[in-house]
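Student: Have a look at this one.
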Amino acid sequence: GVGMGMTAPVSITAFPADDGSFQQKVKVSLRIPSQFQDSPPCPTDESIKIEERQGMTIYSTQFGGYAKEADYVSHAAKLKAALGSDAAYRKDSYLCNGYDPPMKPYGRRNEVWFVKE
């Protein structure tokens, strides 16, 4: 019963298939606003979970436009190529982040994050 508004980024955890595309399983995460951090409201829908995301070090790339799955997959492949084989990061998943509301037509910001191991 508490409205929190939209937060940024909206973060999607992608679990890539062998060809780089998303598997059907994805996890969408929203940041809980600061005033609710110490005592977040309890979700009434059991498919919604409250998780604490630990600090992390990431490798990141940024791009603009209205991001679709193909854009995230493409930029993840470019980031992987730029890092080469020596960088240690989680290979089983990566994060796709969008920072803008749907009605913002210009200057959009999207990022792909690989979590450093």
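Student: For GLN37 and LYS91, compute 0.36 nm times the residue count separating them, minus their Cα-Cα distance, and round to one decimal in nm.
Tutor: My answer for the length gained is 16.5 nm.
Student: Pick from PRO43, PRO16, PRO33: which residue has the top mean-square fluctuation in a GNM of the chain where Cα pairs under 10 Å get a spring?
Tutor: Result for the chain, Cα springs under 10 Å: PRO43 fluctuates most.
Student: A follow-up question, please. Whole-Hz ³J(HN,Hα) for each residue in region 80-91, computed from phi via Karplus 6.51 cos²θ - 1.76 cosθ + 1.60 with θ = phi - 60°, x for glycine and proline: what do you get?
Tutor: The phi angles translate into 4, 5, 5, 6, x, 8, 7, 6, 9, 8, 5, 9 Hz.
Student: Stick to Cα atoms and the Kirkwood definition of Rh, then tell me Rg/Rh for the chain.
Tutor: Over the Cα atoms of the chain, Rg/Rh equals 0.98.
Student: Cα-Cα over 18 Å: which of LYS68/LYS116; LYS49/LYS116; LYS80/LYS116; LYS27/LYS80?
Tutor: LYS68/LYS116; LYS49/LYS116; LYS27/LYS80
Student: How much mean residue ellipticity at 222 nm does the chain get from its helices, if each DSSP H run of length 4 or more adds -39500 (n - 2.57) and you divide by all residues, to the nearest 500 deg cm²/dmol?
Tutor: Result for the chain: -4000 deg cm²/dmol, rounded to the nearest 500.
Student: How about region 40-117: which trypsin sites (Lys or Arg not before Pro) there are in a DSSP loop, with at most 15 other Cβ atoms within 10 Å of their Cβ?
Tutor: LYS49, ARG53, LYS68, ARG90, LYS91
The numbers here are math on the coordinates, done by the rules we state, and not lab data. All values reported here derive from a predicted model rather than from experimental measurement. Note: ideal-geometry Cβ built from the backbone for every residue, glycine included; neighbour counts use all protein chains shown.
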